[in-house]
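Quick notes on the structure that follows.
The values are calculated or read from the model by the stated rules, or taken from the named source; none is laboratory data. It should be emphasised that the depicted structure is a prediction, and the values quoted were computed from it without experimental measurement. Methodologically, a virtual Cβ is constructed for each residue, glycine included, from the backbone with ideal geometry; neighbour enumeration extends over all protein chains shown. We work out accessible area using only protein heavy atoms, side chains counted, and drop any ligands, DNA or RNA first. Shrake-Rupley method; radii C 1.70, N 1.55, O 1.52, S 1.80 Å.
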Amino acid sequence: MEVAVLGVMIPIIGIIGIVTMVIYLRKYQNEERLAMINKGLDPSVLSTRQISNPSPVLRAALLLIGAGVGLLLGYLLDENSNMEEVGYFSMLLICGGVGLGLAYIIEERKIKRSLS
């Protein structure tokens, strides 16, 4: 199979897979609600929304900032010491890990402040 044909087929198959998954999830959610109604239970219990947690957003933001800084440092390493790909991957992983560690520390401080 040619690369161009494969490049067109992968997004099409991916979109079809995602649409199929959403349809089946909705179908099973509806079946679950109908079963609860048949047993005399209140299906509104399933639809209660929980308080949004900003922690995943903080984690993602700091991870992406760390990845950006890591790519920049990797570029500087590549230009100055000819490390090629090793500099990019090592700095990307190190700075991404530092970003996640910083997110953990911020979340812990928030939890301690809210408990005090």
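Observations on the model:
- Reported to the nearest whole Å, the Cα centre-to-centre distance from segment 1-29 to segment 46-116 is 30.
- Solvent-accessible surface of the chain, taken per residue with a 1.4 Å probe and all protein chains present: 83 Å².
- Gain upon complete extension [ILE12, LEU102; 0.36 nm per residue less C-alpha separation]: 28.5 nm
- Helix 3-38 axis, angle to the chain major axis (alpha carbon atoms, nearest 10°): 40 degrees
- The heavy atoms of SER116 present about 130 square angstrom of accessible area, all protein chains included, probe 1.4 Å.
- Between ARG26 and GLU84, the modelled labels are 5.0 nm apart [label points 7 Å from Cα along Cα→Cβ].
- The spread of Cα positions in segment 3-116, taken along each principal axis and listed from longest to shortest, comes to 70, 60, 13 Å.
- Note that segment 90-103 has calculated 3J(HN,Hα) couplings of 5, 5, 4, 5, 5, 5, x, x, 5, x, 5, x, 5, 4 Hz, one per residue in order, obtained from phi through the Karplus relation 6.51 cos²θ - 1.76 cosθ + 1.60 (θ = phi - 60°); glycine and proline are x.
- Residues of type lysines that LYS27 reaches as a straight line, Cα spacing below 30 Å, ignoring anything fewer than 8 places off in the same chain: LYS39
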